[in-house]
Amino acid sequence: MAENGHKDLDEKHLLLLQDHEEKHFMSSEIVRDIILGVSDGLTVPFALAAGLSGADVPSSIILIAGIAEVAAGAISMGLGGYLAAKSEADHYSRELKREQEEIIDVPDIEAAECAEILAQYGVEPHEYEPVINALRRNPQAWVDFMMKFELGLEKPDPMRALQSALIIAISYILGGSVPLIPYLLIPVATKALLVSIALTLGALLFFGLVKGYFTGNQPFISAFQTALIGAIASAAAYSIAKLFQRA
């Protein structure tokens, strides 16, 4: 709980909260952006490079195409993250304004909605009436309560949209550079492809392990699934390139 949420607590409960440290992971949005950027960054350029290798294109051309794809992908993914976060912030603002108007225009209905919410948690009428009365005396707390418990909305960080765009774009670039490194060092595309496969699958496995740890999933299952998706994408791109080359 934030520090300003402690100001009305008695000394006993304040000491208990200070002595108790909850080990919840609070940066889920940042982790989601990193996962989105790195997973796409590893997979899409990898599939592109594999497809071009299947078409017997020189390493230099594959590298140029890969860099162009990573640049375009980072911009596109970053812009998508920005617009998504901006839409969430706009939605929160609209709902906040509506709740502020409703506690003024229809306070009894809003109080009834509070009672319904608290009743869902097993709070009896004689127990929640003082709570509702306290909220009615504090309009800002009342609005915050309704936003969180009626609508399930948390106040977004004002910098969230820009932060999301930058994290996704940088993560995409970092992920996308992995499958392209062999084409920078090895001039023969078929040889570079083998190194790229080993390097990228290793990175996908490691990334899957880390992703599983932070998301609470089984790390080894997450690693296998992540690597499998990358392998299927690259195999499909390579096979399609070979198929059209023979046509």
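Backbone geometry of the stretch 178-193 corresponds, through the Karplus equation with coefficients 6.51, -1.76 and 1.60 at θ = phi - 60°, to 3J(HN,Hα) couplings of 4, x, 8, 4, x, 6, 6, 9, 10, x, 8, 4, 5, 6, 4, 4 Hz, x marking Gly and Pro.
Take ARG160, ARG136 and sort them by solvent-accessible surface of the protein heavy atoms, 1.4 Å probe, largest at the top. Could the numbers behind the result be given before it?
Numbers: ARG160 10, ARG136 95 Å².
Accessible-area ranking of ARG160, ARG136, largest first: ARG136, ARG160.
For the chain, the Kirkwood hydrodynamic radius from C-alpha pairs, put into Stokes-Einstein at 20 °C and a viscosity of 1.002 mPa s, yields a diffusion coefficient of 98 µm² per second. For the stretch 105-122, putting each phi into the Karplus relation 6.51 cos²θ - 1.76 cosθ + 1.60 with θ = phi - 60° gives couplings of 7, 9, x, 5, 5, 5, 5, 5, 5, 4, 4, 5, 5, 5, 4, 5, 9, x Hz, in residue order, rounded to whole numbers and with x for Gly and Pro.
Candidates LEU153, LEU199, PHE224 compared by Cα position along the dipole of the chain: farthest toward the positive end lies LEU199, with charges placed on Cβ.
With 0.36 nm allotted per residue and the present C-alpha distance subtracted, the ILE229-ILE64 stretch has 57.0 nm of extension available. Backbone geometry of the stretch 123-135 corresponds, through the Karplus equation with coefficients 6.51, -1.76 and 1.60 at θ = phi - 60°, to 3J(HN,Hα) couplings of 7, 7, x, 5, 8, 8, 4, x, 5, 5, 4, 5, 5 Hz, x marking Gly and Pro.
Comparing mean-square fluctuations of SER60, SER164, SER39 from a GNM of the chain with C-alpha springs under 10 Å, the top value falls on SER60.
Where does the stretch 55-118 land on the Kirkwood hydrodynamic radius, alpha-carbon pairs, in angstrom? Walk me through the numbers before you get to the answer.
Working: mean 1/r = 0.0620 Å⁻¹.
Result for the stretch 55-118, one decimal place: 16.1 Å.
As a length-normalised measure over Cα pairs under 8 Å and 6 or more apart, the relative contact order of the chain settles at 37 percent. Only protein heavy atoms count here; on that basis, with a 1.4 Å probe, GLU116 has an accessible area of about 110 Å².
Note on the chain: Lys pairs 8 or more places apart or on different chains, Cα atoms under 17 Å apart, count 5. Could you tell me whether the stretch 114-207 comes out rounded, prolate or oblate from its Cα gyration tensor? Rule is a ≥ b ≥ c as square roots of the eigenvalues, rounded for a/c under 1.5, then prolate if a/b exceeds b/c, otherwise oblate. Prolate is the answer for the stretch 114-207, as a/c is 1.5 or above and a/b outweighs b/c.
Using DSSP loop states and a limit of at most 13 other Cβ atoms within 10 Å to flag chymotrypsin sites (Phe, Trp or Tyr not before Pro), what is the longest stretch of the chain containing no flagged site? In the chain, the maximal stretch lacking such sites is 122-247.
Remark on ASN217: its backbone amide H falls under 5 Å from none of the residues 5 or more positions apart or on other chains, H modelled at 1.01 Å from N. Of LYS155, LYS86, LYS97, the residue with the greatest mean-square motion in the GNM of the chain, using alpha carbon springs below 10 Å, is LYS97.
The values are calculated or read from the model by the stated rules, or taken from the named source; none is laboratory data. The structure presented is a predicted model; accordingly, all values stated were derived computationally and were not measured. Counting neighbours? That spans all protein chains shown, and the Cβs are built from the backbone with ideal geometry, glycine included. Please note that ligands, DNA and RNA were not included when accessible areas were found on the heavy atoms of the full protein model with its side chains. Shrake-Rupley method; radii C 1.70, N 1.55, O 1.52, S 1.80 Å.
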